[in-house]
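A.B. asks: Can you read through this structure? Questions will come right after.
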């Protein structure tokens with residue numbers, strides 16, 4: 001890629017083995033028929049890169065080290081896309097990070113070895129490089145990589161580049177510096193189980209000048225900034241084929257909306273439409289939302 005990409009992505013990149021079941025989700029001691037299966041790029045950053053490319057945006061992604069089983073697939077998949085892989089570290093003696101996801105409509109179960117990897121005490125991801133971020137207009141940063149995550153955020157703040165993050169608690173450095181923080185139901189159930197969505201939003205708003213969005217699956221999204229009353233928006237209604245990648249697509253939509261200077265209301269509506277298109281097909285990496293599809297849905 002000759003020119004500096006428009007968006008910088010830092011975080012989780014992996015190979016995802018996905019299995020779409022034919023007749024409902026797994027039941028104990030019962031046979032399940034696999035309707036479709038794939039091995040494709042995944043992870044919060046990998047999926048966001050795929051979606052942004054489909055929306056017409058050039059990106060550079062960095063983060064997870066890529067192993068021998070994942071590398072050929074990853075390189076082939078992005079070969080003709082506007083996704084710069086030049087910073088990614090390709091390992092020569094490790095199969096790489098992969099997950100396995102079983103899907104049936106609204107229900108999915110991911111499996112992997114992430115608890116083992118994170119508890120190993122070893123770093124299996126890059127540190128961000130300022131030269132990779134200089135000249136980009138927007139960034140998206142996953143919260144998983146400790147000090148390296150915070151360094152990416154600090155570089156963005158130093159350069160005046162707005163960044164999107166996900167599932168960062170109200171008292172975290174990542175949330176306080178974010179232009180947009182998308183907080184999922186998974187996050188609120190872990191960190192704020194005793195609080196209502198409205199209370200959580202107020203807590204988040206008080207700690208940041210940026211936009212906080214609380215997603216609740218098919219329930220209303222809540223969003224707002226410090227000093228203003230929270231807003232609500234109902235997600236778009238579509239026939240769901242798979243929810244795999246819905247949150248990652250939401251993050252990508254936020255980055256696109258920031259890049260194009262959308263208002264908060266426009267951002268949430270556009271991003272919700274991105275996610276709605278994403279869950280209406282499978283597999284997402286082979287059928288990511290296109291800009292005309294998203295814009296058509298926002299007008300519905």
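The values are calculated or read from the model by the stated rules, or taken from the named source; none is laboratory data. These figures come from a predicted structure and were not determined experimentally. Heads up, the Cβs are rebuilt from the backbone with ideal geometry, glycines too, and the neighbour counts pull from every protein chain shown.
A.B. asks: Of the residues in segment 274-300, how many are in contact with a helix residue (DSSP H, G or I) (Cβ under 9 Å, 6 or more places away or on another chain), surrounded by 17 or more Cβ atoms within 10 Å (Cβ to Cβ) and closer than 24 Å to residue 13 by Cα?
C.D. replies: 10
A.B. asks: Provide a single number: the residues in segment 103-138 that are in contact with a strand residue (DSSP E or B) (Cβ under 8 Å, 6 or more places away or on another chain) and farther than 19 Å from residue 70 by Cα.
C.D. replies: Total meeting the criteria: 12.
A.B. asks: Report, by residue number, each residue of segment 146-202 that is free of Cβ contacts under 8 Å to residues at least 40 places away in the same chain, crowded, with 16+ Cβ neighbours inside 10 Å and in a loop (DSSP other than H, G, I, E, B).
C.D. replies: Within segment 146-202, 167, 168, 169, 170, 172, 178, 192 meet the criteria.
A.B. asks: Right, next: Tell me which residues, restricted to segment 44-71, are buried (at least 20 other Cβ atoms within 10 Å of the Cβ) and under 10 Å from residue 88 (Cβ atoms).
C.D. replies: Those that are buried (at least 20 other Cβ atoms within 10 Å of the Cβ) and under 10 Å from residue 88 (Cβ atoms): 60, 61, 62, 63, 64, 66.
A.B. asks: Would you check which residues across segment 260-273 are in a helix (DSSP H, G or I) and buried (at least 17 other Cβ atoms within 10 Å of the Cβ) and list them? Quick ask: steps written out before the conclusion?
C.D. replies: At the first step, the residues of segment 260-273 found to be in a helix (DSSP H, G or I) are 264-273.
Scanning segment 260-273 gives 267, 268, 269, 270, 271, 272, 273.
A.B. asks: For the list (1) surrounded by fewer than 15 Cβ atoms within 10 Å (Cβ to Cβ); (2) modelled with pLDDT of 95 or more; (3) over 23 Å from residue 186 (Cβ atoms), I need the number of the one condition that residue 121 fails.
C.D. replies: Just one mismatch for residue 121, condition (2).
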